[in-house]
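A short reminder: the numbers here are calculations on the coordinates, not readings from a lab. Just so it is clear, the model here is predicted, and its values are computed rather than measured. Glycine gets a Cβ as well: all are built from the backbone with ideal geometry, and neighbour counts include every protein chain shown.
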Amino acid sequence: MCKKTFYPPTLLKVTMNAKRLAMYPFLRESSEYIEEKNISLEELINGLAFEECRIIGKRRVLEAIEAGVITDHEMGTEITCLKEILSYPIARILVSCVGDPYLIRRYALAEAVKANHRLQNENLDFILHLAEQFNIGVNKYEDGVKIHFSDFLQNTAQLRSREWKLINQELDSGYVILNKRKLIRIVQQAIQKRIEDELPLPINDDIIRAFKQSVIEIEEEIKKKKHKFESTDIGKIRITRLPPCMKHLLSMAQNGENISHSGRFALTSFLNAVNLSPEDIIKIFSTSPDFDESKTRYQIEHITGGISGTEYTPPECSTMKSYNLCIGADELCNKEWMKHPLTYYRLKGRKRIKGRKKKS
Ligand code: SF4
């Protein structure tokens, strides 16, 4: 492993103030700031003075569920900044009380995407400071940075698009040269991973009691979100007919989660095989944090035959299994003769039509 380069704070021109801490509440300095204020957990979860922090914390979680991104709040004074900083541990407590893996992923992604948006307006020194806190070793290099190729691979393992393949990078003596935008994207990934890894926090009965009402509200929102996904058909496709593997990939795409190259191929070729138009397929991938319409269009048109003239068939169950894409197999999947996700889809369609005939 290469030697990581972290810059001592004195070498980086980084100014920390309450607003910055509020904008990046996961920073080490934000936790230190809360410690300096001597606010106890008991006060935070029950104190009248912190009621607004709890409201903002809950809003953070609800926004993550509903829109997948956290909106900007008032940060004009030190008091409003402190409320914002404290709303972050509250949000983490709430997510932990619910303990739903879907919520953890969605919340971590929303916080990380928010940080990405904010980092676009920061100088390189501040971004390097943040990278250091997330253990990303980078050196300044001309207008951007360079990162050792092994660190690059480690930090981009979840970024599946062609843009992030090592062969498509500018290399210099074993180092990958990155511009500011790419460095921010790597930092976003590291923020998301750390938040996901840290949650759920250990929660005791007193905390659960204190947040009972908020937890009910959040669980309701998750239920609504999941139900909306389950019942919203796309184009001519009935979601209820989809095999579990495709439902899983589709929900990942709609939640803006990164899907492996093989997963994108499987989903696109499957949706094409059941006659979803390339336009509708593009819409499905449009919520991805890395969505690039022209690249997505190219990939989809390649798989669906628009460019290559070859229409790819979706992978069969054995291939899906070998790529770890066979997720949530149900009773129908477990039938010995079930060999292909399309068989599942067609069979479900027939059953549904038969059921309808019986009723009439
Ligand atoms: S068995 Fe086949 S259809 Fe069922 S989830 Fe696995 S890959 Fe999909």
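Could you check the stretch 123-178 and list, in sequence order, the residues that are among the acidic types (D, E) and on the phi < 0 side of the Ramachandran plot?
Taking the stretch 123-178 and keeping what is among the acidic types (D, E), we get 125, 132, 142-143, 151, 163, 170, 172.
The answer is D125, E132, D143, D151, E163, E170, D172.
Show the residue pairs that are 6+ apart or on different chains and have beta-carbon atoms under 6 Å apart, the first residue being within the stretch 327-338 and in contact (Cβ under 8 Å) with a residue 60 or more places away in the chain, the second being more than 7 Å from the ligand (Cβ to nearest atom).
I327/H248; G328/H248
What pairs come out if I take residues in the stretch 17-37 that are of a type in the set (D, E, K, R) and pair them with residues that are not in a helix (DSSP H, G or I) whose C-beta lies under 9 Å away, six or more apart or interchain?
The qualifying pairs are K19/M75; K19/G76; R20/V14; R20/L27; R20/E122; E29/M16.
So I239 fits all but one of (1) away from the ligand (no atom under 16 Å from the Cβ); (2) surrounded by fewer than 16 Cβ atoms within 10 Å (Cβ to Cβ); (3) not basic (K, R); what number is the exception?
All conditions are met except number (1).
Restricting to the stretch 176-235, and then to whatever is within 30 Å of I127 (Cα to Cα) and part of a loop (DSSP other than H, G, I, E, B), can you tell me which residue is nearest to the chain's Cα centre (by Cα)?
First, pick out the residues of the stretch 176-235 that are within 30 Å of I127 (Cα to Cα): 176-201.
This time we only want the ones that are part of a loop (DSSP other than H, G, I, E, B), so: 179, 199-201.
Numbers: N179: 22, L199: 14, P200: 16, L201: 19 Å.
Step by step, filter the stretch 176-235, then rank; the result is L199.
Can you tell me which residue within the stretch 160-215, out of those that are touching a Cys at 6+ places or on another chain (Cβ under 6 Å) and of a type in the set (V, I, T), is surrounded by the fewest Cβ atoms within 10 Å (Cβ to Cβ)? Walk me through it before giving the result.
Keep residues of the stretch 160-215 that are touching a Cys at 6+ places or on another chain (Cβ under 6 Å), which gives 203, 208, 211, 215.
The next check asks that each one be of a type in the set (V, I, T); those that pass are 203, 208, 215.
Working: I203: 15, I208: 13, V215: 20.
Among residues in the stretch 160-215 that are touching a Cys at 6+ places or on another chain (Cβ under 6 Å) and of a type in the set (V, I, T), the one surrounded by the fewest Cβ atoms within 10 Å (Cβ to Cβ) is I208.
Among what's in the stretch 312-339 and is assigned to a loop (DSSP other than H, G, I, E, B) and polar (S, T, N, Q), pick the residue that is farthest from the ligand (Cβ to nearest atom). I'd like the intermediate steps shown before the answer.
Taking the stretch 312-339 and keeping what is assigned to a loop (DSSP other than H, G, I, E, B), we get 312-316, 323-339.
Now narrow it down to the ones that are polar (S, T, N, Q): 313, 324, 334.
Numbers: T313: 14, N324: 10, N334: 7 Å.
Only one residue fits best here, namely T313.
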